[in-house]
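What follows is a set of notes on a single structure, which appears directly below.
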Amino acid sequence: METTIQFPKTLQEAIAYFSDSDRCFEYAVKLRWPNGKITCPRCGSDKHSFISTRRLWWCKGCKQQFTMKVNTIFEDSPLGMDKWMTALWLLVNCKNGISSCEVARDLGVTQKTAWFMLHRLRLAMQTGSFSKLGGEVEVDETFIGGKARNMHPQKKSLRVTGRGGKDKVPVMGILERGGEVRTAIVPSRKKKVLQNEIKKHVKAGSALYSDALRSYDGLDSEFAHKVIDHAVAYVDGKVHTNGLENFWSLLKRSLKGTYVSVEPFHLFRYLDEQSFRFNNRKEMNDSERFEEVMSQVLNRRVTFNQLTGKEISTTQLN
């Protein structure tokens, strides 16, 4: 195999590159084992023999065969890596996301297969961090759910039982200006819930900007907290939450325009997807975003039963 690989930079280059099964395999192996030392994902042994006709290795340590898909989000998938690579490129670089119906048409697979692929890829887009945000930080919350006026009367009578945010999912966002955004599905907008999230993710002493929701009252003791009352104005110098409002608009544009219908059970996955693209929109180009997610496919796996609620995942998600 080649020792150096010229990574594709555009979608056109990526499709042409991944259409060659040999180069696609070499690319995947290079990203799976960047140091060039191939080790068994089961026992860690680097003693093995390569079976080129089947593109797999036979480990001399545990006496088992393994492929580059083992212990990754691709494990047990019968699809070729060319389809996986193309789907991943589209997902990480399409600003408003890409639907499973469109991926199914583009790759020549069923919609069910494409839906499963995209959720597995979203798992690799999760970027958990233990470091706290600091500097100037915006906090805001929104509700995710269908609009009553767009529902059929029968659906409306079943799903809408109140006004405002009732029957919708509350989501909280925390944005470090010049840094990353973090999101979390919260049970409510109560003071204890929102302030616990803030203290969990924001350094004490940071400049904190929020709207006039009373749940944010009392944060002055730990943060330089400033409030903008949206009933009066949306900007007062540096005091605003427009950065998060921008993120919410991008998120809802993808949910309503691309995905159309998202179950609350899966909402956190779409939050991870949009957060990844938002956080890496300036620092990385298309190729770098693709490589970043490919470097995170290890030790992450979700089964179809877990996605459909038939099996509870033991993986910590969000």
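Tell me what the chain gives for mean residue ellipticity at 222 nm when only DSSP H runs of n ≥ 4 count, each as -39,500 (n - 2.57), the sum divided by the residue total, rounded to 500 deg cm²/dmol. Result for the chain, helices only: -10500 deg cm²/dmol.
Kirkwood-type hydrodynamic radius, the chain: 21.9 Å, calculated from all non-identical alpha-carbon pairs. For LEU56, the residues whose amide H sits under 5 Å from its own are ILE51, ignoring neighbours fewer than 5 places away on the same chain, with H placed 1.01 Å from N.
The angle separating the long axis of helix 242-253 from the principal Cα axis of greatest extent in the chain is about 60 degrees. Using a Gaussian network model of the chain in which every pair of alpha carbons under 10 angstrom is joined by a spring, one finds that among GLU222, GLU273, GLU141 the greatest mean-square fluctuation is at GLU222. Structure remark: mean-square fluctuation, Gaussian network model of the chain, C-alpha springs under 10 Å; the largest value among LEU56, LEU194, LEU213 belongs to LEU56.
The long axis of helix 21-32 is offset from the longest Cα principal axis of the chain by roughly 60 degrees. Please work out whether the range 11-124 counts as rounded, prolate or oblate from its C-alpha gyration tensor, where a ≥ b ≥ c are the square roots of the eigenvalues and a/c under 1.5 means rounded, while otherwise a/b larger than b/c means prolate and anything else oblate? In terms of gyration-tensor shape, prolate.
Compared with the dominant Cα axis of the chain, that is its longest principal axis, helix 81-93 is turned about 20°. Here r is the Cβ-Cβ distance between LEU79 and LYS226 and R0 is 45 Å; the resulting FRET efficiency, rounded to 0.05, is 0.35. Of all DSSP bridge pairs formed entirely within the chain, close to 70 percent run antiparallel. What whole-number distance in Å separates the alpha-carbon centres of the range 238-267 and the range 7-32? Centre-to-centre distance over Cα atoms comes out at 32 Å.
Read the figures in this text as sums done on the coordinates, not as results from a lab. For clarity, every value in this text was computed on a predicted model and none was experimentally measured. With ideal geometry, Cβ positions are generated from the backbone for all residues, glycine too; neighbour counts draw on all protein chains shown.
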